[in-house]
Amino acid sequence: MDIIQSYGLILIVVAAAVGFLMAWGIGANDVANAMGTSVGSKALTIKQAILIAMVFEFAGAYLAGGEVTSTIRKGIIDSAFFVDSPELLVFGMISALLAAGIWLAFASYLGWPVSTTHSIIGAIVGFAAVGVSIDAVEWGKVGGIVGSWIITPAISGFIAYLIFQSAQKLIFDTDKPFDNAKRYVPFYMAMAGFVMALVTIKKGLKHVGLDIPSADGYMYAIGLAVLLGVLGRFAINRLKFDPKADKKTHFANVEKVFAILMIVTACCMAFAHGSNDVANAIGPLAAVVSVVNSGGEIAKKAELVWWILPLGGLGIVAGLALFGHRVIKTIGNGITHLTPSRGFAAELAAATTVVIASGTGLPISTTQTLVGAVLGVGMARGIAALNLSVVRNIVVSWVVTLPAGAGLSIIFFFILKGIFV
């Protein structure tokens, strides 16, 4: 208790600095989840993608980032072990933020799309297991996270494969691709509207105090889907192209329609991501501030001090502006060649998987979900369409993320302990 009372302000300042670093890493690495496919398919330039993402990521983080956040991220450690020595929780959360932030900066520099959620969880597990007690970790939940490395990319890859193949069969592999696009694209628009409404409701609006019941959420999503489908049919029927033009021109015109669709889905994903994943930075920071301000009491929920959410939002935007282009290039260009229709299939599949995971409680990484979806689109064109060396590097980076975060966190935990105790 004496440590918290004596060094409280210093600990909060240090926690704010490393919390900003973690948010910076989230912006640098995870923004590719929303914008990578748009840039890779040339629907947006890298500058346009970064500007759009800055607006929607910050809006998601600041407007819907949550009034309260769990003190112990995802319930991964047992707070009972810290009741008698709350300073250990403070040191641990600072160490976890610093470790995860450094790992994300390193991965982003190399262009590796790693999971920010897994980075912070690995770091929290590391300091708790080695620095406090191996029993302080909820190992069952850690096992579920490791299992998600296989399950979530597989689900999103399979859904992306189905969406892409349906577009090929119904539109691109026909004699009149543009006529068939007029017929079927409104259905894809309706499907995108339905999924994006659910993503926004489940991952975004619930944080802002609008906790919409599931049944109402589905009704709103269906209503939006029908509206978008009708508007889409009206808009696409107004498009006029020369019927005598060659097939290649018709393909290009169809791709333009998918490009517009994908930009809308990317904006929704950026808003949902900002609202959801900012908790990876502000959750541990809120825990530190809560423990220090209460004189050592550990609460199940930590009320957010006014400056924490803007700090997280600004950190995400700063990381995105400075380093975001590196991981965007890996997802957009490195794995497989993307067109707007392929990118749309991947984006919609990733969003669908997020909705499925939210409904079933499956631990999920949006990064792994999107990478799986891009792999699914590539596989639909055959294994030769994939850049296997890039895929191998991505898989290795996923496996290394948990132990890297844990190892760095352990080192920083004992350094802080040595300085203050």
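The values are calculated or read from the model by the stated rules, or taken from the named source; none is laboratory data. Here the structure is a predicted model, which means the values were calculated and not measured. Please note: Cβ atoms are built from the backbone with ideal geometry, for glycine as well, and neighbour counts cover all protein chains shown. What goes into the accessible areas is simple: the full protein's heavy atoms, side chains included, and nothing from ligands, DNA or RNA. Shrake-Rupley method; radii C 1.70, N 1.55, O 1.52, S 1.80 Å.
Results for (1) assigned to a helix (DSSP H, G or I); (2) free of Cβ contacts under 8 Å to residues at least 12 places away in the same chain; (3) open to solvent by 50 Å² or more (accessible area, probe 1.4 Å); (4) not hydroxyl-bearing (S, T, Y), shown as yes or no for each residue.
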site: H337; (1), (2), (3), (4): no, no, yes, yes
site: A346; (1), (2), (3), (4): yes, no, no, yes
site: T353; (1), (2), (3), (4): yes, no, no, no
site: G378; (1), (2), (3), (4): yes, no, no, yes
site: N393; (1), (2), (3), (4): yes, no, yes, yes
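Here V18 qualifies as touching a Leu at 6+ places or on another chain (Cβ under 6 Å), modelled with pLDDT of 90 or more and part of a helix (DSSP H, G or I).
In the set L110, L63, only one residue is at pLDDT below 80 and surrounded by fewer than 23 Cβ atoms within 10 Å (Cβ to Cβ); that residue is L63.
Here the condition is being at pLDDT below 80, more than 21 Å from the chain's Cα centre (by Cα) and closer than 22 Å to A100 by Cα; of A287, A302, A272, it holds for A302 alone. Against the test of being touching a Lys or Arg at 6+ places or on another chain (Cβ under 8 Å) and in contact (Cβ under 8 Å) with a residue 60 or more places away in the chain, the options A266, A272 yield a single qualifying residue, A272.
For the stretch 25-44, the count of residues that are at pLDDT 90 or above, over 25 Å from I335 (Cα atoms) and open to solvent by less than 50 Å² (accessible area, probe 1.4 Å) is zero.
Conditions (1) under 26 Å from the mean Cα position of the chain (by Cα); (2) charged (D, E, K, R); (3) under 22 Å from A349 (Cα atoms); (4) not in a helix (DSSP H, G or I), marked per residue:
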{"position": "I124", "(1), (2), (3), (4)": "yes, no, no, no"}
{"position": "A129", "(1), (2), (3), (4)": "no, no, no, no"}
{"position": "I163", "(1), (2), (3), (4)": "yes, no, yes, no"}
{"position": "P186", "(1), (2), (3), (4)": "no, no, yes, no"}
{"position": "G193", "(1), (2), (3), (4)": "yes, no, yes, no"}
{"position": "L198", "(1), (2), (3), (4)": "yes, no, yes, no"}
{"position": "A221", "(1), (2), (3), (4)": "yes, no, yes, no"}
